[in-house]
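Every number here is computed from the coordinates shown, using simple stated rules; none is lab data. All values derive from a computational prediction rather than experimental measurement. All Cβ positions, glycine included, derive from the backbone under ideal geometry; neighbour counts span all protein chains shown.
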């Protein structure tokens, strides 16, 4: 398939409902079928190569595929993109070098990162045995029986904390090479001991899904918080000024309700910045904070942070929309995860309703915690369960529940693509259950 077929419309943000899709085919393409999760949603026979596709009323992860056919009806081009899932910041490949007889003798990890971050830690295994990597991320391979399949498994952690894994299957008698990225999936561990062999833990469509590793790793909690800390300071009985809260004058109580070691926190302010992409689609962006080690500042300290930038004090806050974006950020890089939305007296001006955002976070396996600084909120049923944190004692209970959730989570690296990984099911043979709720 040498003929080109390109999506001119790239969906980088959260989408639902009818959306226009533009394609650019090569000269040999005479017709195009557009599929969403394997189902045809449009058929194009001539230029302009555009269609309106309905992605449904809810935000759902999926695969968007366009297939081009020539005048005889033969497939000559194909392109795809995922929707409502994050695009990876970084990736790498395992490159194998053979000798003159066709035997694999060495392997090299070759990487790319959007922000030019470098690998901080890398590993390579062959059939489960660790191989030493040199400074150029190259390794010598042991003598392998080329008539048998062998698995090269590699992991790379970058300077910014992003983690990527890949597997390469070589050999097997026909010389084939099967390269596949591994997808991290958050699971909950219900037993006291991890399964000795997780290979039979998950299935998709009745077929087993191979598991490369199950690990605890770090946790990331993204807190959607109003830029004005006065409600939080009043509820938590803090009398320091916002200026002092930004400086080194940190009272001892602020270190209360810390989360466990290995947990990082990030604030996402619900101040929407709408950006138009080069493909003329619209995406909402929200200003984030830097990452904070959860052991260096407790939840009381986090909840009283003031936004350092300029903002309209009376402008709209988009708590639900920000929570959806936070969910995308939380599943990037293979972390245990949670999103916390902290509501105050202000109304939510989001374009998506809270119930649809909660359903979306369920489908991608991100636990959502909604906390209220102003007491019980029965008038907000769309958010689901809301924890009252209108006093330090109530915040302590909510923080302990969040901590226990994160401690029960693990990350399973599955040999399948991102959309399929969210739809795997437990086989019941292990004490691991995916957090993602299957919807399709």
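Summary table
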read-out: Full-stretch length increase - residue 45, residue 285 - with 0.36 nm per residue and alpha-carbon distance subtracted; value: 82.8 nm
read-out: Cα pair count fraction exceeding 31 Å, expressed as % - the chain; value: 49
read-out: Length-normalised contact order of the chain in % [C-alpha pairs under 8 Å, at least 6 apart]; value: 16
read-out: Alpha-carbon centroids, region 338-382 and region 21-56: separation in whole Å; value: 36
read-out: Principal axis dimensions, region 85-175 - Cα atoms, whole angstrom, descending; value: 40, 31, 23
read-out: Relative intensity, log₁₀ I(q)/I(0), of region 219-410 from a Debye sum that treats every alpha carbon as a point, q = 0.09, 0.11, 0.19 Å⁻¹; value: -0.30, -0.45, -1.47
read-out: Relative contact order computed over region 85-175 (Cα-Cα under 8 Å; 6+ residues apart), in percent; value: 28
read-out: Spin-label proximity, residue 71 to region 11-36 - amide N less than 17 Å from point 7 Å beyond Cα toward beta carbon; value: 26-32
read-out: Cα-derived Rg to Rh of region 5-83, Kirkwood definition; value: 0.96
read-out: Fraction in percent of alpha-carbon pairs per bin - 5 Å, region 375-414; value: 6, 20, 18, 17, 18, 10, 6, 4, 1
read-out: Peptides ranked, highest mean first, by Cβ atoms within 10 Å: ranges 415-425, 34-44, 337-347; value: 337-347, 415-425, 34-44
read-out: Gaussian network model of the chain, springs between alpha carbon atoms under 10 Å - residue of 52, 299, 156 with greatest fluctuation; value: 52
read-out: Chain lengthening between residue 31 and residue 135 when straightened (0.36 nm per residue, less Cα-Cα); value: 32.5 nm
read-out: Residue-span extension gain [residue 433 to residue 346] - 0.36 nm each, minus C-alpha spacing; value: 27.7 nm
read-out: Cα→Cβ-extended label distance, 7 Å offset, between residue 143 and residue 407, nm; value: 5.2
read-out: The chain: angle of helix 354-363 to the longest principal axis, Cα-based, in degrees nearest 10; value: 40
